[in-house]
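A short reminder: the numbers here are calculations on the coordinates, not readings from a lab. Computed from a prediction, not measured in an experiment: that's the story for all the values here. Here the Cβ positions follow ideal geometry from the backbone for every residue, glycine too, while neighbour counts run over all protein chains shown.
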Amino acid sequence: MTTSILVPVFAALGDETRWSILVALGEEDASASALAGRLPVTRQAIAKHLAVLQEVGLVESVRVGRELRYRVLGSQLSETAKRLDRIGAQWDRRLAAIKRIAEDL
């Protein structure tokens with residue numbers, strides 16, 4: 001996952017409402033109307049937030065009868081978490097090297 005993919009994902013995750021939507025969808029698939037019933041946001045605002053989440057690949061829509069439901073795409077979230085783990089491991093290695101240098105002084 002490149003930086004050009006991570007930046008939009010982080011921008012999408014940086015919004016508290018979108019984060020709340022992801023948490024709710026992590027519990028169960030839901031329509032925009034159902035999410036609006038659970039969150040203090042209008043259905044129209046939910047739909048806009050879902051569009052952003054869908055654009056960066058964090059959710060997808062699925063037609064169930066006449067209803068359009070959304071679900072989280074775990075693969076994108078997992079890939080983002082792996083990338084963050086790799087960045088964290090790089091920093092841990094750098095900090096360990098700095099510690100060794102400081103202790104050798």
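Worth a mention:
- From the options GLN54, GLN76, GLN44, residue that is under 11 Å from the mean Cα position of the chain (by Cα) and free of Cβ contacts under 8 Å to residues at least 24 places away in the same chain: GLN54
- Considering residues of region 74-105 that are within 30 Å of ALA24 (Cα to Cα) and among the β-branched types (Val, Ile, Thr) only, the residue surrounded by the fewest Cβ atoms within 10 Å (Cβ to Cβ): ILE87
- Helices (runs of 4 or more DSSP H) lying entirely in region 15-105 (those with 3 or more residues that are of a type in the set (Gly, Ala, Ser) and closer than 17 Å to ILE5 by Cα): 74-104
- Residue count for region 18-61, restricted to those that are among the hydroxyl-bearing types (Ser, Thr, Tyr) and surrounded by fewer than 16 Cβ atoms within 10 Å (Cβ to Cβ): 3.
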